[in-house]
1. Just one of A92, A145 is within 16 Å of ligand 2 (Cβ to nearest atom) and surrounded by 17 or more Cβ atoms within 10 Å (Cβ to Cβ); which is it?
2. In the stretch 85-139, which residues are within 16 Å of ligand 1 (Cβ to nearest atom), without any contact (Cβ under 8 Å) to a residue 12 or more places away in the chain and of a type in the set (A, V, I, L, M, F, W, C)?
3. For residues that are among the hydrophobic types (A, V, I, L, M, F, W, C) and modelled with pLDDT under 80, scanning just the stretch 199-222, find the one that is surrounded by the fewest Cβ atoms within 10 Å (Cβ to Cβ).
4. Can you confirm whether F148 is within 16 Å of ligand 1 (Cβ to nearest atom), of a type outside the set (V, I, T) and assigned by the TED database to the domain that holds G80?
5. Residues in the stretch 248-264: is at least one under 27 Å from M286 (Cβ atoms) and within 16 Å of ligand 1 (Cβ to nearest atom)?
6. For the stretch 235-255, enumerate the residues that are touching a helix residue (DSSP H, G or I) at 6+ places or on another chain (Cβ under 8 Å) and either under 30 Å from F186 (Cβ atoms) or at pLDDT below 75 (or both).
7. Could you list, in sequence order, all residues of the stretch 40-72 that are over 17 Å from T27 (Cα atoms) and without any contact (Cβ under 8 Å) to a residue 12 or more places away in the chain?
8. Taking the condition under 14 Å from the mean Cα position of the chain (by Cα), in a helix (DSSP H, G or I) and of a type outside the set (A, V, I, L, M), does Y149 pass?
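The values are calculated or read from the model by the stated rules, or taken from the named source; none is laboratory data. It should be emphasised that the depicted structure is a prediction, and the values quoted were computed from it without experimental measurement. Cβ: placed from backbone, ideal geometry, glycine included. Neighbour counts: every protein chain shown.
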Amino acid sequence: MNRPILTIVVPCYNEEEVFTETSFQLTTVIKELINERLVSSESTILFVDDGSKDSTWSLIEKESCSNLFVKGLKLARNVGHQNALLAGLEAAHKQSDCVISIDADLQDDISVIRTFVEKYWLGYEVVYGVRDSRETDTFFKRTTAVGFYHFMNKLGIQLVQNHADFRLMSKRALGELMKYKEGNVFLRGLVPLVGFRSTEVTYDRKERTAGESKYPLKKMLAFAFDGITSFSVAPIRSLTLLGGASFLFSIAFGIYALIQKYLDHTQIGWTSLILSIWLVGGLQLMGMGLVGEYIGKIFNEVKQRPKYAIERDLYTKHSLDKQKD
Ligand code: UDP
Ligand code: MG
């Protein structure tokens, strides 16, 4: 097997505080891999600037002038982690044999990259980085994450437990991933669907070296909710079940009320009335909300809007010539 061209894709959003260190550490790793002839000397690190408001892009640009291994892609605006990563993967797919995605904040263990490449040499096409411990995460993040994976599994959505977006994919696997044209990308759910020979590598997740998490509670909830509704119709099915159950309940309650009336025990109170109004009203609203959620999804999908726009490309070969044309 020829030495593969590796591209490490790093989405960055306001990461000026960690960029220099991340770039240094990744360059060290890539140089080692090249020296050991595990990857081709054409391997690169592709930083995707997701419309940062700080100096991240100028740092990338500056670094790419002095560091041969550093390349950059600047998106026209902030499109979110998943789309930014996708932009990097799509660019990298064209000119690499394998691609590793990693966050900019050094929370994932960079030394594991070597193991990823070794697995690639053994013929694995997808290698998942799996967090061994979550001790450095807050108690809240830990418990919500465990609950999320559990719930997704219950819904029949196969996710690799404790795997974020730190993974290696071969050109072939990536090519298949690119065929998934859905507008709302949830890469963690899509990659296992692609298949191919895959394995997991465990590592300890560290604390962010600097800067803050861009996933506050609100974003985390939206992410989990999107993940569920993009992949499963179980919520809508449970609604049908709930509707059926409340129908059975109302029949039973009706019979009970008739018997009470026949026995002259009726008390015309408003409790039962108000309860049923609230119950049915609540159920209906919930149902409408859920149905609306799916209609919203269809709405977004049919629009087929582009997921990102590239403003500057320091990565794609001959991109400068293309820009001149
Ligand atoms: N990120 C991005 N666009 C965004 C938000 C985040 O490209 O809109 C990047 C961010 O720079 C980081 C990665 O996605 O490299 C993961 O984000 P973060 O570390 O904030 O998430 P957490 O690790 O807290 O889940
Ligand atoms: Mg992080």
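1. Details: A92 fails: within 16 Å of ligand 2 (Cβ to nearest atom).
When all the criteria are applied, what remains is A145.
2. Answer for the stretch 85-139, where residues must be within 16 Å of ligand 1 (Cβ to nearest atom), without any contact (Cβ under 8 Å) to a residue 12 or more places away in the chain and of a type in the set (A, V, I, L, M, F, W, C): just F139.
3. First, pick out the residues of the stretch 199-222 that are among the hydrophobic types (A, V, I, L, M, F, W, C): 201, 210, 217, 220-222.
Retained after the next criterion (residues that are modelled with pLDDT under 80): 210, 217.
Working: A210: 14, L217: 10.
Residue satisfying both the conditions and the ranking: L217.
4. Values: within 16 Å of ligand 1 (Cβ to nearest atom): yes; of a type outside the set (V, I, T): yes; assigned by the TED database to the domain that holds G80: no.
Against the criterion (within 16 Å of ligand 1 (Cβ to nearest atom), of a type outside the set (V, I, T) and assigned by the TED database to the domain that holds G80), F148 does not qualify.
5. First, the residues of the stretch 248-264 that are under 27 Å from M286 (Cβ atoms): 248-257.
When the remaining residues are screened for being within 16 Å of ligand 1 (Cβ to nearest atom), the result is none.
For the stretch 248-264, residues under 27 Å from M286 (Cβ atoms) and within 16 Å of ligand 1 (Cβ to nearest atom): absent.
6. Scanning the stretch 235-255 gives P235, I236, L239, L242, G243.
7. The answer is S58, and nothing else.
8. Details: under 14 Å from the mean Cα position of the chain (by Cα): yes; in a helix (DSSP H, G or I): yes; of a type outside the set (A, V, I, L, M): yes.
For Y149, the condition - under 14 Å from the mean Cα position of the chain (by Cα), in a helix (DSSP H, G or I) and of a type outside the set (A, V, I, L, M) - is met.
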